[in-house]
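Scroll down for the structure; my scribbles are underneath it.
Taken together, the values in this text are just the output of simple stated rules run on the coordinates, not laboratory data. Treat the numbers as computed from the prediction; the structure is a model and nothing was measured. A quick note on method: Cβ atoms are made from the backbone with ideal geometry, for glycine too, and the neighbour counts reach across all protein chains shown.
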Amino acid sequence: SGGGRSTIELLAEKGIAGVVAGEEMAPAQKELFMDLGIPVFSNRSLPVQRIDNLPFLRPDDLAAARAAWEEEVLARRARKEAEKLESLFQEYRVERKKEVKRAQKLLRENKAASE
């Protein structure tokens, strides 16, 4: 299909402003485009008109799709930050439980040694 990681990175290097996909894109590909700051639109959400076999977009349609994409990027960023925080809290809870268990074990050992 030609839509692998290296192709996406090449498109990014070329400075493309966005992609209008004719078919549903694999989530990993869409994620990479998003990571590179390149919007991906489906041809259902952004109608493409063909004139003499050349693709054209209405500027208003493109502006609306771009605004929706930017909102999606902000929501994704907030979701990733929330996931990162939750992961940190989870890691802290696990470490804290280990510390409590070690302290309890130490107390039991000290109590047994003093008896």
Test: D35 is more than 24 Å from T7 (Cα to Cα), out of contact with any strand residue (DSSP E or B) (no Cβ under 8 Å at 6 or more places or on another chain) and of a type in the set (D, E, K, R): no
Selection count, region 17-28, where residues are of a type in the set (A, V, I, L, M, F, W, C) and either part of a helix (DSSP H, G or I) or in contact with a Cys (Cβ under 6 Å, 6 or more places away or on another chain) (or both): 1
Members of region 38-62 found to be under 20 Å from A12 (Cα atoms) and either without any contact (Cβ under 8 Å) to a residue 12 or more places away in the chain or in contact with a helix residue (DSSP H, G or I) (Cβ under 7 Å, 6 or more places away or on another chain) (or both), listed by number: I38, P39, V40, F41
